[in-house]
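Below is one structure; the comments refer to it alone.
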Amino acid sequence: MSNSIAEARVSRLPESATKFKIGMLQHSMQSFPDSIEKTVAANIATATKQIETLAQAGAKVICTTELFNGPYFCQVEDPEFLRLYAEPSPANVGGKKVYPAGHTNAQMAQLAAKLEVFIVSSWYELNIDSAGTEHFYNTLSLFDDTGAEIGTYRKHHIPRGPNYFEDYYFEASGDAQDDGYVVVPTKYGNIGLLICWDEWFSEPSRILAMKGADYIFYPSAIGTDAAFENDNLSKAHMWQNAIRSHAVQNNIYTCASNRVGTEYITDLPTNLTGPANGREFIPFFGNGFVADPSGELVSRYAGKNDTDTAAMGEVAEAPLIADIDLDMLDDYRKSFHFLTFRRPETYDLLTEPLD
């Protein structure tokens, strides 16, 4: 891993557009306990319709929600799920990543090429290393408008708590040799990739900003837990405020997608009759958004007037769209030099584990 900011920083491509639209999905998940194939097909069909809507509305870069092809199975610890929703890593064919027919990413790659848009696709990856050892990751793949995969990120921060048993399924990525944080230069600016729980930590967003990200996608699967059972919006406010603060502190746009709808453990294809630790459901609260570098919400539901921002508390099953202005972003960076005036020599404690 490079210790030099100059070496790690990604320059914006000279041909990058400065004004363009991005989009994010927001939908509930269907579940057919008797058929994983039917479940995945139904959810990919829903996602495809929303991606088509966004492309029609002019979005050039579109992000799914986290693990968008099925229900949030991490509500329970069940060995059946280790492989049930997992899909294989791509093969390397002539330097290109190629997915088998029917794979979620094969479909997203084809859709990106058909609609001539970039797609950030979230999926559950099964990777088998050269020694034959299985590794399971919560992964993002970025496809360009030809359908080529140009960026890959594996989730770093893996939560564990009631109804969120992700550490049972996913291996954390990144280490001292390779931090694993990804910024991809494209003709629509420099794209940073993070996933859900990564968004609660200040360090990943700061690192991506230092690496040159203009905007960061945070596809999420987050809902109200028992501590907020009587006030659904309180956690949604926390969630939005945390991610909006990253936009301000790092002179970037932050773009968070989320699923909607209540998902019950009884809808999962499992023999479990109840949770090992937690409730029997999660109400996912939606409230996806894009925040500009001032922290203001600038996203709206696709099809609405440009002045109609998506208000806090709206959980519509509809995709979101937002305008990105890199010239305005550069103006903020000229006025607010947060990265330049850091004092890294005083930050040693940040690298120490908490006892």
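The values are calculated or read from the model by the stated rules, or taken from the named source; none is laboratory data. Please read all numbers here as calculations on a predicted model, not as lab measurements. In this analysis, Cβ positions are derived from the backbone assuming ideal geometry, glycine residues included, and neighbour counts consider all displayed protein chains.
Out of everything in region 54-91 that is assigned to a strand (DSSP E or B) and of a type outside the set (Lys, Arg), what residue ends up being nearest to the chain's Cα centre (by Cα)?
Step by step, filter region 54-91, then rank; the result is CYS63.
Applying the selection to region 92-109, what residues are surrounded by 12 or more Cβ atoms within 10 Å (Cβ to Cβ) and not in a loop (DSSP other than H, G, I, E, B)?
Once the filter is applied, which keeps residues that are surrounded by 12 or more Cβ atoms within 10 Å (Cβ to Cβ) and not in a loop (DSSP other than H, G, I, E, B), region 92-109 yields LYS97, VAL98, THR104, ASN105, ALA106, GLN107, MET108, ALA109.
If you go through region 315-327 one residue at a time, do you hit one that is among the hydrophobic types (A, V, I, L, M, F, W, C), at pLDDT 90 or above and exposed (fewer than 10 other Cβ atoms within 10 Å of the Cβ)?
The answer is no, given that none of the residues of region 315-327 is among the hydrophobic types (A, V, I, L, M, F, W, C), at pLDDT 90 or above and exposed (fewer than 10 other Cβ atoms within 10 Å of the Cβ).
Every residue, every condition in (1) hydroxyl-bearing (Ser, Thr, Tyr); (2) modelled with pLDDT of 95 or more; (3) on the phi < 0 side of the Ramachandran plot; (4) buried (at least 18 other Cβ atoms within 10 Å of the Cβ), yes or no:
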{"residue": "PHE217", "(1), (2), (3), (4)": "no, yes, yes, yes"}
{"residue": "ALA221", "(1), (2), (3), (4)": "no, yes, yes, yes"}
{"residue": "ASP231", "(1), (2), (3), (4)": "no, no, yes, no"}
{"residue": "ALA236", "(1), (2), (3), (4)": "no, no, yes, yes"}
{"residue": "ALA242", "(1), (2), (3), (4)": "no, yes, yes, no"}
{"residue": "VAL248", "(1), (2), (3), (4)": "no, yes, yes, yes"}
{"residue": "ASN251", "(1), (2), (3), (4)": "no, yes, no, yes"}
{"residue": "VAL260", "(1), (2), (3), (4)": "no, yes, yes, yes"}
{"residue": "PRO269", "(1), (2), (3), (4)": "no, no, yes, yes"}
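Given the criteria touching a Ser or Thr at 6+ places or on another chain (Cβ under 7 Å) and of a type in the set (D, E, K, R), does ASP34 qualify?
Taking the combined requirement at face value, the residue does not satisfy it.
Considering every residue within region 22-35, establish whether at least one is surrounded by fewer than 23 Cβ atoms within 10 Å (Cβ to Cβ) and outside any loop (DSSP other than H, G, I, E, B).
No: zero hits.
Going through region 79-136 one residue at a time, which ones are in contact with a strand residue (DSSP E or B) (Cβ under 7 Å, 6 or more places away or on another chain), among the aliphatic types (A, V, I, L, M) and at pLDDT below 95?
Scanning region 79-136 gives a single hit, LEU82.
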